[in-house]
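> Starting off with a structure, shown below.
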Amino acid sequence: MKHALLIILLLMSSQVGRAQPQTSLDSMKVLVGKWVGEGTSDVGAGGGYFTFEASLNNKVLIRKNRAEYPATKNRGAITHDDLMIVYADASTKTLRAFYTDSGGNTINYIINVSDDGKTITFLSDARDPGPRYRLTYVLTKPDQIALTFEIASPDKPDQFKKFIDGRVRRVPA
């Protein structure tokens with residue numbers, strides 16, 4: 001009997017050491033799929049698409065994004081590609097993301113999902129030097145999202161100005 005109790009206690013203590021983070025990617029499943037749309041930014045009107053897909057045995061979400069802005073009389077066409085990896089950070093029990101793009105930029109995001117699951121906000125980590133960034137997805141219909149990307153200068157890190165305003169819709173993969 002003593003041995004059985006000891007084995008049960010050992011098994012229970014080994015499970016405590018492998019506890020999963022409180023936060024999971026489940027709250028972000030609404031973004032999984034292929035999305036296309038259009039919007040405006042400081043460089044003008046454009047269009048593009050992005051995908052979110054689960055990877056690494058559902059431990060991360062990977063977003064691939066492409067935005068295209070046609071040439072104007074003042075500048076040539078612009079193409080922007082980026083990659084973002086979303087993950088649950090076990091040490092802080094938060095959702096986080098790492099972003100990098102074709103221009104060599106990187107951003108470390110902390111993610112907040114609203115209680116109703118319809119608003120997902122990516123806010124750049126305040127510890128990182130330089131401007132702050134905020135990317136917000138708002139589910140307006142089951143297959144439609146309004147998105148904004150905002151930037152705040154380093155001297156006013158909580159005063160965001162809209163840089164991109166767009167609408168996207170989910171399409172079959």
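The values are calculated or read from the model by the stated rules, or taken from the named source; none is laboratory data. Remember, predicted model here, so these are calculated numbers, not experimental data. Don't worry about glycine lacking a Cβ; one is built from the backbone with ideal geometry, like all the others, and counts go over all protein chains shown. Side chains included, ligands, DNA and RNA excluded: accessible areas come from the protein's heavy atoms. Shrake-Rupley method; radii C 1.70, N 1.55, O 1.52, S 1.80 Å.
> Share of region 124-173's accessible area from carbon and sulfur, percent, 1.4 Å?
Percent of accessible area from carbon and sulfur atoms in region 124-173: 55.
> Something else: Which net charge results when you count Lys and Arg as +1 and Asp and Glu as -1 among the other residues whose beta-carbon is under 11 Å from that of residue 103?
Taking every Cβ under 11 Å from that of residue 103, the sum is -3.
> Oh, and also: Rounded to the nearest percent, how much of the accessible area of region 68-120 (1.4 Å probe, protein heavy atoms only) is carbon and sulfur?
50 percent
> Which entry is the computed Rg/Rh (Cα atoms, Kirkwood Rh) for this structure: (1) 0.96; (2) 1.11; (3) 0.99?
Identified label for the calculated read-out: (2).
> In terms of modelled amide H atoms, which long-range or inter-chain residues lie less than 5 Å from the amide H of residue 117?
Those qualifying (amide H under 5 Å, at least 5 residues apart or on another chain) number zero.
> For 69, 49, what's the largest-to-smallest order of accessible area, 1.4 Å probe?
Order by accessible area, largest first: 49, 69.
> Kindly state, to the nearest 0.05, the FRET efficiency for residue 68 paired with residue 29, given R0 = 25 Å and r defined as their beta-carbon distance.
0.35
> Still on this structure: With every protein chain present, what is the per residue accessible area of the chain (1.4 Å probe, Å²)?
Dividing the accessible area of the chain by its residue count gives 64 Å².
> Can you tell me, using C-alpha contacts under 8 Å and at least 6 residues apart, the relative contact order of region 96-136 as a whole percent?
28 percent
> Next up: Between 104, 33, 47, find the one with the highest GNM mean-square fluctuation for the chain; connect C-alpha pairs within less than 10 Å.
Answer for the Gaussian network model of the chain: 104.
> What percent does the relative contact order of the chain come to when contacts are Cα pairs within less than 8 Å and at least six residues apart?
Value for the chain: 18 percent.
> Using only the alpha-carbon atoms, how far is helix 2-17 inclined from the longest principal axis of the chain? Give it as 0 to 90 degrees, nearest 10.
Helix 2-17 sits roughly 10 degrees off the main axis of the chain.
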